[in-house]
Amino acid sequence: MSDQNTNEHREQEHIVANKELNLLKALIPVVLLMAMLAYNIFFADGEWFGEYSNQIILLIGGFFAAVVGFFNKTSFATMVQEIWENLRSVFIPIMILFLVGALAGTWLVSGIIPAMVYYGLKVLSPSIFLPASIVIAAIISIATGSSWTTSATVGIALVGIGTALGIPTGMIAGAVISGAYFGDKMSPLSDTTNLAPAMAGTDLFTHINYMFYTTGPTILITLVTFSIISLNIDTTGSADVTGLLNTIDQTFNINPYLFIVPLVVIALILLKAKPLLALGIGVVLAAVFAFIFQVEILNGLSDSKLGAILNAILSDTSIVTDNEKLNELFSSGGMKGMLWTIFLICCAMVFGGIMDGIGALSRITQSLLSVAKTVFGLFASTVLSCIGLNVIASDQYLALVIPGKMFKKAYQDKGLTPENLSRTLEDSGTVTSVLIPWNTCGAYQSGVLGVGVGEYFVYAIFNWLSPITTLVFAAFGIKIRQLTDKKRTA
C-alpha cells in the first residue's frame with residue numbers, strides 16, 4: 001500500500017474482545033452484508049440503492065452489527081470510538097485520493113499524460129506491453145515502497161497507453177497491480193513490509209529474504225502468463241498508432257520537458273518525502289507547465305486560464321479530439337471524481353469499526369485459530385483470516401495486525417520461526433486487499449486506474465496466486481523454517 005500511516009500507530013491498535021459474543025452472533029452482520037452485496041451485484045446490476053449502493057449496503061451492515069453489539073453488552077461509546085479510530089486512520093489516504101484526482105486533472109491539461117501516451121506508443125508494442133507493464137510497475141513500487149503511488153503515476157500512464165493500443169483495460173490494470181504489489185511487498189520502504197515482521201516478531205530483512213521463496217515463483221508465473229496473453233490478444237496494433245500519434249501531436253504541445261514533473265515527483269518519493277507533499281508539488285508543477293506549454297488547451301477549456309486549471313483540479317475536464325478512444329482517455333474528474341471512492345472507504349471504515357468494537361473480528365479469528373490442528377491447518381487458518389478480514393474489516397492493515405497478534409504464539413507452539421507468519425501475512429493479507437471492491441485498497445486502485453475490480457480481478461494474477469502459492473509450500477513442507485531448540489526455549 002502507500003506509506004500514509006506510520007507503523008507505530010498500527011502496532012498500537014488493540015483488538016476488542018467480547019465474552020458475550022459467540023461465533024454465530026459474530027457472523028450475523030457478515031452473512032447479511034455478503035447477502036446484500038451479492039444481491040446488488042447479481043440481481044440489481046450494482047444499482048440497488050442507486051450510484052452509492054455499495055456504500056449504503058456497508059452502512060446497513062454496520063447497523064446490523066451495532067444491533068448485535070447492543071444485545072451483547074457493547075456500549076454505544078465503544079462502537080463510536082472504534083469507528084473514530086478507523087476513520088482517523090484513513091484521513092491521510094483520503095487526502096492522497098483528493099490529490100490524486102487533482103494530479104490526474106493537472107497532468108491532463110498540462111500535457112503530461114498525453115506525452116506519456118505519445119512516447120509510450122512509440123516504444124511499447126502490443127506484443128510486450130503487458131509483461132513490460134508488470135516490470136515497470138514493480139521497479140517503481142520497489143523504489144517508492146508504495147503500490148498506491150505507483151498506480152497514481154505510471155499506472156495511470158500505462159492504462160492510457162494500453163487503451164490507445166486497443167488492449168482491454170482489465171488486462172492492463174491487472175498487470176499494473178500485479179507489478180505494483182510485487183514491488184510494494186518486497187520493498188523495505190513499504191509500511192506493510194515493515195508491519196508484517198513487526199507483528200510476527202522477526203526483523204525486516206529476514207522477512208524480505210524469506211518472502212522470495214514464495215514471491216519469486218508467483219511473479220515468474222505471472223510474467224509468463226502475461227507474455228502468453230500478449231502474444232495472443234487482438235489489438236489495434238501498429239496500424240492505428242500513426243493516427244493516434246498525429247491526433248495527440250495536433251492537440252497538445254508534446255515535448256520531453258513535460259517529463260520533468262513526474263521525475264520530480266518520483267525523486268521526492270525516493271528521498272522519502274511525504275506522499276502529500278510529493279503529490280502536492282506534482283499538482284503545482286503541472287499547473288505551471290500547463291501555463292507554459294498548453295496555452296491553447298487552457299483557452300479552449302475556459303475564458304480564464306486560471307479557471308481552466310482550477311476546474312481541472314476540482315471537477316470534470318474533457319479535451320475533445322477527432323479520435324473517440326482518445327476522447328475517453330483525455331478526460332478527468334479531478335477531486336470530484338474521487339468522491340465515490342472516498343465515500344466507499346469511509347463507509348467501509350464504519351462497518352469495520354463497529355465489527356471490531358463489538359468484538360466480532362476477534363471472535364471470528366479465534367474460531368479459525370481453534371481448528372488449526374496441523375502445520376498446514378495453521379497456515380490455512382492464517383490465510384483465511386487475512387482474506388476474511390480484508391473482506392469484513394475492509395482494511396489491509398487490520399488484515400495484518402489482527403491475525404499477526406492472534407497467531408503469533410500458535411506458530412511458536414508449532415515450532416515455526418516467526419518469518420513463517422510474517423510471510424503468510426503478506427502473501428494473503430497485503431496482496432488480496434486490492435481484490436475486494438469495498439476494501440480501501442480495492443476502492444483506491446479501482447478509482448485511480450478507472451477500472452472496476454470485477455474487470456481486473458482475474459488479471460491481477462500475482463495477487464490471487466500468492467495465497468495459493470503459500471498454501472502449496474505449506475502443504476508440501478517447502479521452505480518451512482523450524483525453530484531451533486535454543487529459540488524455542490527463549
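The values are calculated or read from the model by the stated rules, or taken from the named source; none is laboratory data. Note that this is a predicted model, so its numbers are computed, not measured. Glycine gets a Cβ as well: all are built from the backbone with ideal geometry, and neighbour counts include every protein chain shown. Please note that ligands, DNA and RNA were not included when accessible areas were found on the heavy atoms of the full protein model with its side chains. Shrake-Rupley method; radii C 1.70, N 1.55, O 1.52, S 1.80 Å.
Can you tell me which residue among Ser151, Ser133, Ser141 is in a helix (DSSP H, G or I), within 21 Å of Trp340 (Cβ to Cβ) and hydroxyl-bearing (Ser, Thr, Tyr)? Don't jump to the end; show me each part of the working.
Numbers: Ser133 fails: within 21 Å of Trp340 (Cβ to Cβ); Ser141 fails: within 21 Å of Trp340 (Cβ to Cβ).
Result of the check over Ser151, Ser133, Ser141: Ser151.
Give the residues of the stretch 350-380 that are of a type in the set (Gly, Ala, Ser) and buried (at least 24 other Cβ atoms within 10 Å of the Cβ), sorted by residue number.
Result: Gly352, Gly353, Gly357, Gly359, Ala360.
Just one of Ile112, Ile172, Ile177, Ile92 is surrounded by fewer than 24 Cβ atoms within 10 Å (Cβ to Cβ) and out of contact with any strand residue (DSSP E or B) (no Cβ under 9 Å at 6 or more places or on another chain); which is it?
Working: Ile112 fails: surrounded by fewer than 24 Cβ atoms within 10 Å (Cβ to Cβ); Ile172 fails: surrounded by fewer than 24 Cβ atoms within 10 Å (Cβ to Cβ); Ile177 fails: surrounded by fewer than 24 Cβ atoms within 10 Å (Cβ to Cβ).
The conditions single out Ile92.
Can you name every residue in the stretch 322-341 that is within 15 Å of Leu103 (Cβ to Cβ), in contact with a Phe, Trp or Tyr (Cβ under 8 Å, 6 or more places away or on another chain) and part of a helix (DSSP H, G or I)?
Scanning the stretch 322-341 gives Met338, Thr341.
Restricting to the stretch 51-80, count the residues that are assigned to a loop (DSSP other than H, G, I, E, B) and under 14 Å from Cys347 (Cβ atoms). Before the answer, list the steps.
Initial filter on the stretch 51-80 (assigned to a loop (DSSP other than H, G, I, E, B)): 51-52, 71-75.
Checking which are under 14 Å from Cys347 (Cβ atoms) leaves us with 51-52.
Number of matching residues: 2.
Return the total of residues in the stretch 286-323 being open to solvent by less than 60 Å² (accessible area, probe 1.4 Å) and over 29 Å from the mean Cα position of the chain (by Cα). Let's see the steps before the verdict.
Step one: filter the stretch 286-323 for residues open to solvent by less than 60 Å² (accessible area, probe 1.4 Å), giving 286-287, 289-290, 293-295, 297-298, 302, 304, 307-309, 312-313, 315, 317, 319, 321, 323.
This time we only want the ones that are over 29 Å from the mean Cα position of the chain (by Cα), so: 289-290, 293-295, 297-298, 302, 304, 307-308, 321, 323.
So the answer is 13.
Mind telling me which of the residues Gly388, Gly429, Gly357, Gly450 ends up being without any contact (Cβ under 8 Å) to a residue 40 or more places away in the chain and either among the hydroxyl-bearing types (Ser, Thr, Tyr) or closer than 28 Å to Ile56 by Cβ (or both)?
On the way: Gly429 fails: without any contact (Cβ under 8 Å) to a residue 40 or more places away in the chain; Gly357 fails: without any contact (Cβ under 8 Å) to a residue 40 or more places away in the chain; Gly450 fails: without any contact (Cβ under 8 Å) to a residue 40 or more places away in the chain.
Exactly one of Gly388, Gly429, Gly357, Gly450 is without any contact (Cβ under 8 Å) to a residue 40 or more places away in the chain and either among the hydroxyl-bearing types (Ser, Thr, Tyr) or closer than 28 Å to Ile56 by Cβ (or both), namely Gly388.
When you go through Met186, Met199 one by one, which is the residue that is surrounded by fewer than 24 Cβ atoms within 10 Å (Cβ to Cβ) and either at pLDDT 90 or above or not acidic (Asp, Glu) (or both)? Steps first, answer last, please.
Numbers: Met199 fails: surrounded by fewer than 24 Cβ atoms within 10 Å (Cβ to Cβ).
Going through Met186, Met199 in turn, the sole match is Met186.
Sort out which residues of the stretch 115-130 are open to solvent by 20 Å² or more (accessible area, probe 1.4 Å) and assigned to a helix (DSSP H, G or I), and write them in order of number.
Of all residues in the stretch 115-130, those open to solvent by 20 Å² or more (accessible area, probe 1.4 Å) come to 116, 118-119, 122-128.
Answer for the stretch 115-130, where residues must be open to solvent by 20 Å² or more (accessible area, probe 1.4 Å) and assigned to a helix (DSSP H, G or I): Met116, Tyr118, Tyr119, Lys122, Val123, Pro126, Ser127, Ile128.
Looking at (1) farther than 26 Å from Ser190 by Cα; (2) open to solvent by less than 10 Å² (accessible area, probe 1.4 Å), find the lone condition where Asp395 falls short.
Result: Asp395 passes all but (1).
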